[in-house]
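Read through the structure below, which is laid out as structure tokens, and then see the notes.
The values are calculated or read from the model by the stated rules, or taken from the named source; none is laboratory data. From a predicted model like this one, the values you see are computed outputs, not experimental measurements. Positions of Cβ are generated from backbone atoms using ideal geometry, with glycine treated the same way; all protein chains shown enter the neighbour counts.
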Amino acid sequence: MLNLLLEPLSFEFMRGALATAIMLGILCAVVGTYLIVQRMGLLGDVIAHAVLPGLAIAFFLGVDIFLGAFISGTLSTFVIAWIESQSRIKVDVAMALVFSGFLALGIMLITLLKSKLDLHQFLFGDILGVTTDDVRRTLIITVAVLLLVKLFYKELLFYTFDPLGAQASGLPINLIHFGLTAAITLTIIASMQAVGVVLVISLLIGPGITAYLLVKELHQMMELGALIGVISSVAGMYISYYLNVPSGAAIVLVVTVLFFLALLFSPTQGILTRSEMAHRSARLMSQLKSQKNR
């Protein structure tokens with residue numbers, strides 16, 4: 001058993017991939033919690049696909065493609081906010097339009113600019129191909145985002161649950177919104193190498209909603225979600241190694257399995273345990289009534 005755990009660690013590429021997966025498991029869970037609480041899960045998917053035009057342009061100009069991805073992803077959120085503020089269109093519809101528009105623009109730019117950008121890698125990820133620079137970049141993003149979340153946790157908590165109250169109390173809600181958008185975009189950029197833009201939303205949302213079924217407080221969601229993210233990432237990497245399947249898909253499938261286990265067996269919200277608890281409650285009430293009648 002110990003040999004099964006240690007064998008993958010004898011390869012340098014697996015050590016780098018596992019380190020990256022662990023960091024992303026923590027980062028995605030913490031950032032994704034805010035998306036879940038604000039019911040803005042689709043925003044992560046929009047940003048994930050909106051980075052493609054920035055990737056294509058940056059690659060063509062010979063600049064850092066991750067800088068282009070950040071600018072493009074952040075721009076998509078401003079376009080959504082602008083559409084919502086200037087019309088009667090609801091935010092979910094604006095997200096759907098921007099999602100498809102930026103994705104189409106990215107594909108067109110890759111074709112027109114005759115870019116040699118490996119689109120398959122960015123769509124589906126290749127965590128086994130991470131370099132030392134990739135690990136270092138992921139570490140910097142993870143530490144920076146988690147530190148900012150820690151420093152401004154109270155402000156973020158207030159804004160997340162009561163944005164109008166936060167605005168009335170004088171908090172710079174526009175700056176907070178931009179900060180959250182930047183954190184989401186950076187998280188997606190860091191995750192592209194691991195699971196790709198197609199699967200990144202699962203890593204962002206999955207651990208958080210699994211934790212949501214098990215705990216009640218926001219900080220508990222973050223902590224348990226981070227633990228679930230780490231377990232899913234490491235388990236997915238080992239499954240990928242021994243079954244020779246794509247790493248990103250393996251990680252996301254583990255996340256999905258853990259969610260359905262929580263959905264079925266959560267002590268308070270599980271489908272199976274909930275019916276059992278209701279049965280016990282009804283039986284207890286029946287016993288109390290019978291005792292009163294005596």
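Quick check: anything in the range 33-56 among the hydroxyl-bearing types (Ser, Thr, Tyr) and over 30 Å from residue 211 (Cα atoms)?
There is no residue in the range 33-56 that is among the hydroxyl-bearing types (Ser, Thr, Tyr) and over 30 Å from residue 211 (Cα atoms).
Surrounded by 21 or more Cβ atoms within 10 Å (Cβ to Cβ) and either on the phi > 0 side of the Ramachandran plot or within 14 Å of the chain's Cα centre (by Cα) (or both): is that true of residue 187 in this structure?
Yes, satisfied.
Look at residue 135 and say whether it is under 20 Å from the mean Cα position of the chain (by Cα), in contact (Cβ under 8 Å) with a residue 60 or more places away in the chain and under 20 Å from residue 221 (Cα atoms).
Values: under 20 Å from the mean Cα position of the chain (by Cα): yes; in contact (Cβ under 8 Å) with a residue 60 or more places away in the chain: yes; under 20 Å from residue 221 (Cα atoms): no.
No.
Which pairs have Cβ atoms under 6 Å, sit 6 or more apart or on different chains, and link a residue in the range 192-217 that is farther than 14 Å from residue 21 by Cβ to one that is buried (at least 24 other Cβ atoms within 10 Å of the Cβ) and hydroxyl-bearing (Ser, Thr, Tyr)?
208/33
Given the conditions (1) at pLDDT below 90; (2) surrounded by 10 or more Cβ atoms within 10 Å (Cβ to Cβ); (3) polar (S, T, N, Q); (4) outside any loop (DSSP other than H, G, I, E, B), report the number of the one that residue 232 does not fulfil.
(1)
State the number of residues belonging to the range 160-175 that are small (Gly, Ala, Ser) and within 22 Å of the chain's Cα centre (by Cα).
Result for the range 160-175: 0.
Just to be sure I understand, how many residues within the range 124-150 are surrounded by 18 or more Cβ atoms within 10 Å (Cβ to Cβ), among the aliphatic types (A, V, I, L, M) and under 20 Å from residue 67 (Cβ atoms)?
Here the count works out to 3.
From the set of residues in the range 1-37 that are touching a helix residue (DSSP H, G or I) at 6+ places or on another chain (Cβ under 8 Å) and among the aromatic types (Phe, Trp, Tyr), which is farthest from residue 233 (Cα to Cα)?
Here the answer is 34.
Which pairs do you get when a residue that is assigned to a loop (DSSP other than H, G, I, E, B), found in the range 58-74, comes within reach of a residue that is not basic (Lys, Arg), reach meaning Cβ atoms under 7 angstrom, with the pair 6+ apart or on two chains?
64/58
Just name the residue that is modelled with the lowest pLDDT out of those in the range 90-119 that are aliphatic (A, V, I, L, M) and either surrounded by fewer than 12 Cβ atoms within 10 Å (Cβ to Cβ) or not in a helix (DSSP H, G or I) (or both).
In the first step, residues of the range 90-119 are kept if they are aliphatic (A, V, I, L, M); the result is 91, 93-98, 103-105, 107-110, 112-113, 117, 119.
Add one more test, that the residue is either surrounded by fewer than 12 Cβ atoms within 10 Å (Cβ to Cβ) or not in a helix (DSSP H, G or I) (or both), and what stays is 112-113, 117.
Details: 112: 87, 113: 83, 117: 72.
Ranking the candidates gives 117 first.
Does residue 48 fit the bill of being part of a helix (DSSP H, G or I), within 20 Å of the chain's Cα centre (by Cα) and not hydroxyl-bearing (Ser, Thr, Tyr)? Before you say what the answer is, go through the steps one by one.
Numbers: part of a helix (DSSP H, G or I): yes; within 20 Å of the chain's Cα centre (by Cα): yes; not hydroxyl-bearing (Ser, Thr, Tyr): yes.
It is true that residue 48 is part of a helix (DSSP H, G or I), within 20 Å of the chain's Cα centre (by Cα) and not hydroxyl-bearing (Ser, Thr, Tyr).
Identify, please: which residue in the range 218-239 is in contact (Cβ under 8 Å) with a residue 40 or more places away in the chain and over 14 Å from the mean Cα position of the chain (by Cα) and is, among those, farthest from residue 161 (Cα to Cα)?
Checked the range 218-239; the qualifying residue farthest from residue 161 (Cα to Cα) is 238.
Within the range 138-180, restricting attention to residues that are in contact (Cβ under 8 Å) with a residue 12 or more places away in the chain and not in a helix (DSSP H, G or I), which residue is farthest from residue 18 (Cα to Cα)?
Within the range 138-180, the match that is farthest from residue 18 (Cα to Cα) is 171.
Go through 284, 199, 227 for me and flag whichever is assigned to a helix (DSSP H, G or I), aliphatic (A, V, I, L, M), out of contact with any His (no Cβ under 9 Å at 6 or more places or on another chain) and modelled with pLDDT of 90 or more.
Details: 284 fails: modelled with pLDDT of 90 or more; 199 fails: modelled with pLDDT of 90 or more.
Of the residues listed, the single one that is assigned to a helix (DSSP H, G or I), aliphatic (A, V, I, L, M), out of contact with any His (no Cβ under 9 Å at 6 or more places or on another chain) and modelled with pLDDT of 90 or more is 227.
Exactly one condition in (1) among the hydroxyl-bearing types (Ser, Thr, Tyr); (2) under 18 Å from residue 181 (Cα atoms); (3) surrounded by fewer than 19 Cβ atoms within 10 Å (Cβ to Cβ) is not met by residue 34; state its number.
Among (1) among the hydroxyl-bearing types (Ser, Thr, Tyr); (2) under 18 Å from residue 181 (Cα atoms); (3) surrounded by fewer than 19 Cβ atoms within 10 Å (Cβ to Cβ), residue 34 violates only (3).
So, residue 87, is that one surrounded by 18 or more Cβ atoms within 10 Å (Cβ to Cβ) and either in contact with a Lys or Arg (Cβ under 7 Å, 6 or more places away or on another chain) or over 25 Å from residue 158 (Cα atoms) (or both) or not? Full working, then the answer.
Working: surrounded by 18 or more Cβ atoms within 10 Å (Cβ to Cβ): no; either in contact with a Lys or Arg (Cβ under 7 Å, 6 or more places away or on another chain) or over 25 Å from residue 158 (Cα atoms) (or both): yes.
No.
Return the pair list, or none, for Cβ contacts closer than 6 Å from residues in the range 241-262 that are free of Cβ contacts under 8 Å to residues at least 40 places away in the same chain and within 17 Å of residue 121 (Cα to Cα) to residues that are part of a helix (DSSP H, G or I) and not hydrophobic (A, V, I, L, M, F, W, C), at least 6 apart or on different chains.
As it stands, the answer is 250/236; 250/240, since those pairs meet every condition given.
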